[in-house]
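Enquirer: Pasting in a structure now, in structure tokens, and then I'll have a few things to ask.
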């Protein structure tokens, strides 16, 4: 692993932050290309280990993966740089979209352009799945774990932490001590108490401020999204149902339609999907106190959502190599990595179904998402076919393909409006 300069890191992580469309699967693939394939910054082993660790932690796994990679290269400052560059571009876009949405609602031409972007994302996610599976799956056990985790999530909707726990136990039990060669480790100093105190203090400070100010709405919002940051295992998809029920039914901050729009916009903007929390907070704050209230609520949601992510990574990161150096624990991590392939496949198919069909519902007996055939989006299918030709046949890059598809979709949307 090489040690890039700060300028190089800023350029690469800034690029990742600006191009991280399409949710966790696409983001994981993009970082793999930038950090492993295009540059010798992380080895394949380090990358897959880190991905397994981030899947175990609460919070957005792709953002935490970026943070870990930056931390591994340049310590805590590097982790902060990578994590912030991953989040900030998307957060700024979400803020602008949320305020525009609050004033003007849905904009057909913008949605049309996003449809082209979504089509390109379907293909880049497919490429990601193919690459990660080729690197991470070895033997019948690996393929079996990947297939099992996919079925457990996609068909039965089993809890993500349970799937990861089962995979880890299988990997632990299947590994025979002495048969696994220890991986080269890079020992790093760990100060868990100091790390916990510093980041926990940063986490609760704004909550204490709004409590002292007597702002019940902001305190309730901050506490809820803090709780969400602790229980969000497996990324945003794993907690969307709980979040929707709470913010729509329990608190009444936004409507169901607004929640669906929030998710749709978060899916088609750069950055982690959990930025949907910022969108919800902005709309709720706007309803309370206009633009000022929206900005304050959005900042608070961002703070309590992502500050814990830095805490988890800086606390757990120093122990990753030590864990992987133990044969049985390393086997557990390898099994988790195989299961993660199934998770990515689940996210990929889930995303594709929601792009190609306007209405997708859970089945009567299982969690299997069933699209309504009558809601098939022909335009999305055509754009996806164009993306496949550009990216798979002509081997064009994601940025060029996404730009072309967005432009074509925008022209198509203008014809529909006119």
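Enquirer: Could you compute the FRET efficiency for residue 39 and residue 376, with r as their C-beta to C-beta distance and R0 at 45 Å, rounded to 0.05?
Expert: 0.65
Enquirer: Write down Rg/Rh for the chain, rounded to two decimals, with Rg from the C-alpha atoms and Rh from the Kirkwood relation over Cα pairs. Don't skip to the end; give the middle numbers.
Expert: Working: Rg = 21.1 Å, Rh = 22.0 Å.
A ratio of 0.96.
Enquirer: Over the chain, what is the mean sequence separation of C-alpha contacts under 8 Å (at least six apart), divided by residue count, expressed as relative contact order in percent? Present the calculation step by step, with values, prior to reporting the outcome.
Expert: Details: 637 pairs, mean separation 128.9, N = 418.
Once divided by the residue count of the chain, the mean separation gives 31 percent.
Enquirer: Highest mean first, how do 197-210, 37-50 rank when packing is the count of other Cβ atoms within 10 Å averaged over residues?
Expert: Numbers: 197-210: 15.0, 37-50: 18.0.
The most tightly packed comes first, giving 37-50, 197-210.
Enquirer: Any idea what the relative contact order of segment 59-165 is, in percent, if you count C-alpha pairs under 8 Å spaced at least 6 apart?
Expert: Numbers: 38 pairs, mean separation 11.7, N = 107.
The normalised contact order for segment 59-165 reaches 11 percent.
Enquirer: Okay, next question. Classify segment 50-163 as rounded, prolate or oblate, taking a ≥ b ≥ c as the square roots of the eigenvalues of its Cα gyration tensor: rounded when a/c is under 1.5, otherwise prolate if a/b is larger than b/c and oblate if not. Write out the running numbers ahead of the final one.
Expert: Details: a/c = 2.10, a/b = 1.33, b/c = 1.58.
Here segment 50-163 falls in the oblate category.
Enquirer: Turning to a different aspect of this structure: By its C-alpha gyration tensor, with a ≥ b ≥ c as the square roots of the eigenvalues, how is segment 311-350 shaped: rounded for a/c under 1.5, else prolate for a/b larger than b/c, else oblate?
Expert: Values: a/c = 5.40, a/b = 1.57, b/c = 3.43.
Verdict is oblate for segment 311-350.
Enquirer: Moving on to the next point. Need one word for segment 265-418: rounded, prolate or oblate. Basis is the Cα gyration tensor (sqrt eigenvalues a ≥ b ≥ c); a/c below 1.5 gives rounded, then a/b vs b/c decides.
Expert: Working: a/c = 1.79, a/b = 1.21, b/c = 1.48.
Oblate, because a/c is 1.5 or more while a/b does not exceed b/c.
Enquirer: Grab the Cα-Cα distance for residue 202 and residue 400, subtract it from 0.36 nm times how many residues apart they are, and report the gain in nm with one decimal.
Expert: On the way: separation 198, 0.36 × 198 = 71.28 nm, distance 4.00 nm.
So the chain would gain 67.3 nm between residue 202 and residue 400.
Enquirer: Would you please put 148-155, 3-10 in order of how densely packed they are, using the mean number of other Cβ atoms within 10 angstrom per residue and starting with the highest? Intermediate results must be reported in sequence, preceding the final value.
Expert: Working: 148-155: 20.1, 3-10: 13.6.
Sorting 148-155, 3-10 by mean packing, highest first, produces 148-155, 3-10.
Since every read-out is calculated from the coordinates, none of them should be taken as a lab result. All of these numbers come straight from a predicted model, not from anything done at the bench. With ideal geometry, Cβ positions are generated from the backbone for all residues, glycine too; neighbour counts draw on all protein chains shown.
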